[in-house]
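Below: the structure, in structure tokens.
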Amino acid sequence: MRVVLGEDLTLLRDGLIRLLTAYGMEVVAAADNGPELLSALVHHRPDVAVVDVRLPPTFTDEGLRAAIAARTQLPGLPVLVLSQHVEPLYAKELLSAGTGGLGYLLKDRVSDVLRFIEAVRTVAAGGTAMDPEVVSRLLARHDRDEQLGRLTPREREVLALMAEGHSNAGIAGRLVVTEKAVNKHIGNIFTKLDLYPGEDANRRVLAVLTYLNA
Amino acid sequence: MMDFAERAKRVAWQTLRTCLRGMLLAVTAIAGLPLLVVSLACVLLLPAGLGVVLAPKSLLVVRRQADLQRRWALEWSGVTIAAPYRSRSTKPTNRLFRVFRRCWWVLGDPATWRDLLWTLVNVPVSIVLGLLPAFLLVAGTWTVMDDVGTLLSEFNNVAPHGFLLQAFFLSMLPACAIGGPWLLKAQAVAASSLLAPTRKEMAARVGQLTESRWDAVDASAAELRRIERDLHDGAQARLVSLGMNIGFAEQMVRDNPDLALTLLAEARASSGQALSELRALVRGIHPPVLAERGLDGAVRALALSLPLPVDLHIELAGRPSAPVESAAYFAIAEALANVVKHSGATRAWVQLQYDHGKLVTIVGDDGTGGAHPRTGGGLQGIERRLNAFDGMVAVTSPAGGPTQVTMELPCELSLART
């Protein structure tokens with residue numbers, strides 16, 4: 001799996017390269033500023049981009065903007081954004097910029113190495129990996145949404161975990177139910193959100209998008 | 001009955017005090033006359049050159065007297081009279097030019113001339129209003145001493161005319177007790193008509209305050225941005241890397257113990273660096289030694305940390321308020337940092353004392369001089385920091401040195417050393 005990395009602090013860049021390499025990924029380019037990151041993404045067309053929000057030269061949201069620009073140029077480019085803090089606003093901007101795998105995680109999550117690697121793989125495979133913090137903060141607003149209002153509390157829990165990027169087995173494990181029960185909940189969610197039978201992975205993404213964009 | 005006696009005693013004491021104050025006002029006003037004459041003579045000497053040095057000196061004495069008048073107006077009559085004087089220019093310059101500028105600073109200020117006019121007007125005003133309470137008291141008391149006995153024993157024999165006259169003199173006592181403070185207040189109000197700032201001066205002051213407030217807001221916003229950046233790129237990043245290394249080591253400990261050990265050693269280093277970065281950041285926000293030892297101790301600690309010897313002369317009987325202390329500390333730190341960076345000095349000195357309601361700091365060095373408050377430079381930073389407290393900076397730095405930075409911060413000292 002080929003990865004392009006965007007991180008300006010040497011300490012973290014080197015650490016991430018070592019980590020990703022240890023799990024069999026190849027870091028084809030590591031950029032330390034926005035413009036360089038964008039050209040590396042367009043040039044290498046990696047399987048997944050791991051990007052820090054704040055990069056030089058402006059030290060604002062340079063990385064985020066480079067990622068969004070890259071996704072409009074290369075539709076479906078999987079991007080995993082890392083940041084010291086998460087803003088639901090940034091999550092929505094990322095979501096509205098084209099399709100394809102998407103992740104947005106607090107940098108702290110890197111310390112749970114296995115889950116972080118799983119998140120990178122999920123995003124590369126076209127899934128979503130939203131930070132629980134983003135998910136919970138968006139959840140607070142969802143009470144009034146009509147379409148999501150039709151979901152039972154349990155179904156919303158399942159949807160939140162889907163947004164975080166968990167597989168069906170993972171969700172079952174977390175909620176301490178059988179995978180079969182999870183499947184049933186997911187089926188109900190799809191029906192209630194008017195997502196008709198089609199490719200399952202695609203429906204998952206659409207459900208999560210509905211959830212996050214509400 | 002006891003209560004009545006107490007009250008009578010208090011009224012008597014207050015009346016006496018009012019009379020003494022009034023007399024003090026009159027005496028001061030008369031003492032102002034020679035001062036007026038000397039000041040005018042000095043101003044006339046201006047063309048002869050000597051006046052350039054003498055006129056500001058004598059006019060500043062007039063200003064001191066006006067300040068005394070303002071203080072009395074506030075303390076005795078509750079009339080607030082703000083000082084209208086212009087602040088001194090803070091640009092660095094050589095000694096000769098400074099004398100001329102000081103002269104212009106005093107003579108060019110309309111408030112100086114209003115002070116002088118007041119010195120003249122004050123004489124009749126204070127003699128009449130100031131001596132009247134004492135006159136009433138003396139006249140009333142005289143009547144009591146002299147005539148009360150007669151008045152009581154021979155009440156029926158007294159002619160109506162004489163009785164009315166005596167009643168009139170007698171009524172001067174309550175008139176003095178009740179009206180005395182009002183007479184002093186009238187004097188204070190008269191003083192404020194000349195000694196208070198004019199509308200135009202008030203407007204200028206408001207403009208100046210608005211500007212210094214924006215500077216203060218700007219400076220604190222820039223400071224917050226710096227702190228956020230330092231945390232984001234420093235301690236926060238170190239902690240992320242720490243977590244990453246530990247998590248990675250956790251995974252590697254069975255399959256690759258050597259790598260796990262390396263990762264853990266790096267994690268330990270990272271935690272140490274995160275701590276030292278936090279310490280540096282805290283020092284930049286509010287140095288712990290400043291919190292613990294106050295300005296005195298903090299400046300001593302600062303001097304110890306510099307690469308050149310710093311002579312300290314610190315005379316502080318108490319501690320200024322925390323914001324003033326912090327502003328003074330960072331101003332001194334900035335000035336000393338400039339010494340280290342630019343002056344090429346071999347020695348520096350810091351003099352810190354409290355004088356006439358002001359915290360006065362002088363930072364000097366024996367370096368090459370030529371310091372100038374460049375835009376965005378250290379000296380300008382000090383100026384902005386102190387402006388927020390109505391403080392000021394003056395720099396003398398002739399080419400070839402020595403450089404001396406004088407900073408003044410109006411403040412009060414809390415005498416209890418905590």
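What follows draws every value from the coordinates through simple rules; no lab data is involved. This structure is a prediction, so every number in the text was calculated from the model and none was measured. Note: ideal-geometry Cβ built from the backbone for every residue, glycine included; neighbour counts use all protein chains shown.
A Cβ-based charge dipole, computed about the Cα centre of the stretch A:2-46 with Lys and Arg at +1 and Asp and Glu at -1, lands at about 200 debye. Antiparallel DSSP bridges in the protein assembly as shown: what percent, to the nearest 5? Of those bridges, close to 45 percent are antiparallel.
Summing charges over neighbours of B:P402, with a neighbour being any other residue whose Cβ is under 11 Å away from its Cβ, gives -1 when K and R count +1 and D and E count -1.
Would you mind checking the tilt of helix B:50-77 against the longest principal axis of the Cα atoms of chain B, expressed as 0 to 90 degrees and rounded to 10? Orientation of helix B:50-77: about 70 degrees from the principal axis.
For A:G126, the residues whose modelled amide H falls within less than 5 Å of its own, excluding neighbours fewer than 5 places apart on the same chain, are A:G101. For the modelled label position 7 Å from the Cα of B:N256 along Cα-to-Cβ, which residues of the stretch A:108-127 have backbone nitrogen atoms closer than 19 Å? Output list for this probe position: A:110-121. Go ahead and run the numbers for FRET between B:H313 and B:E412, Cβ-Cβ distance against an R0 of 30 Å, rounding to 0.05. The formula returns an efficiency of 0.85 here.
In the stretch B:31-136, taking the dipole from charged Cβ atoms about the Cα centre, the farthest positive-side position among B:A55, B:Q69, B:C103 is held by B:C103.
Efficiency by 1/(1 + (r/R0)^6): what FRET value for B:I127 and B:L107, r their Cβ-Cβ distance, R0 = 30 Å, to the nearest 0.05?
0.55
Partner shielding of B:225-236 amounts to 2, given as the average count of beta-carbon atoms from other chains within 10 Å of each residue beta-carbon.
By how many nm would the segment from B:A399 to B:F97 lengthen if fully extended, with 0.36 nm per residue of separation less the alpha-carbon distance? Don't skip to the end; give the middle numbers.
Details: separation 302, 0.36 × 302 = 108.72 nm, distance 1.46 nm.
My answer for the length gained is 107.3 nm.
Who wins for biggest fluctuation among B:L116, B:L224, B:L165 in a Gaussian network model of chain B, springs between alpha carbons below 10 Å? Highest fluctuation of the listed residues: B:L165.
Here the spin labels are modelled as points 7 Å beyond Cα on the Cα-Cβ line, and at A:T152 and B:A12 they lie 9.5 nm apart. Evaluating 6.51 cos²θ - 1.76 cosθ + 1.60 at θ = phi - 60° for every residue in the stretch A:180-193, the Karplus couplings come out as 4, 5, 4, 4, 5, 4, 5, x, 4, 4, 4, 4, 5, 8 Hz, glycine and proline recorded as x. Note on chain A: helix-only mean residue ellipticity at 222 nm, from DSSP H runs of 4+ residues weighted -39500 (n - 2.57) and normalised by residue number, equals -16500 deg cm²/dmol.
Evaluate the charge dipole of the stretch B:265-418 about its Cα centre and quote only its size in Debye, nearest 20, assuming +1 on the Cβ of each Lys and Arg and -1 on the Cβ of each Asp and Glu.
Values: 13 positive and 15 negative charges, 67 e Å.
The dipole of the stretch B:265-418 has a size of about 320 debye.
For B:A83, what charge total do you get from the other residues with a beta carbon under 14 Å from its beta carbon, if Lys and Arg give +1 and Asp and Glu give -1?
Numbers: positive: B:R63, B:R64, B:R70, B:R71, B:R86, B:R88, B:R114, B:R205, B:K358; negative: B:D67, B:D109, B:D115, B:E201, B:D390.
Result for the neighbourhood of B:A83: +4.
As a calculated quantity, the FRET efficiency between A:R137 and B:L33 at R0 = 51 Å, using C-beta atoms, amounts to about 0.10.
Average partner chain C-beta neighbours within 10 Å, per residue of A:107-118?
On the way: counts 7, 5, 4, 7, 11, 5, 10, 3, 1, 3, 1, 0.
Other-chain Cβ atoms within 10 Å of each residue's Cβ, averaged: 5.
Within the shell of other residues whose beta carbon sits under 14 angstrom from the beta carbon of B:P181, the net charge comes to +3, with Lys and Arg scored +1 and Asp and Glu -1. Here the 3J(HN,Hα) profile of the stretch A:50-66, calculated from phi with Karplus coefficients 6.51, -1.76 and 1.60 at θ = phi - 60°, is 10, 10, 7, 4, 9, 9, x, x, 8, 6, 10, 10, 3, x, 4, 5, 5 Hz, Gly and Pro shown as x. Only Lys, Arg, Asp and Glu carry charge here, each on its Cβ (+1 for the first two, -1 for the last two); on that basis the protein assembly as shown has a dipole of about 1420 debye about its Cα centre.
Counting other beta carbons within 10 Å of each Cβ, put B:T396, A:T128 in order, fewest first. Could the numbers behind the result be given before it?
Values: B:T396 17, A:T128 26.
Arranged by neighbour count, lowest to highest, B:T396, A:T128 become B:T396, A:T128.
With the simple spin-label model, which puts each label point 7 Å out from Cα in the Cβ direction, the A:T58 to B:A41 separation comes to 7.2 nm.
Please compute, for peptide A:16-23, the average count of beta-carbon atoms on other protein chains lying within 10 Å of each residue's beta-carbon. Write down the numbers at each step before the final one.
Details: counts 3, 0, 6, 6, 0, 0, 6, 2.
The per-residue average across the peptide is 3.
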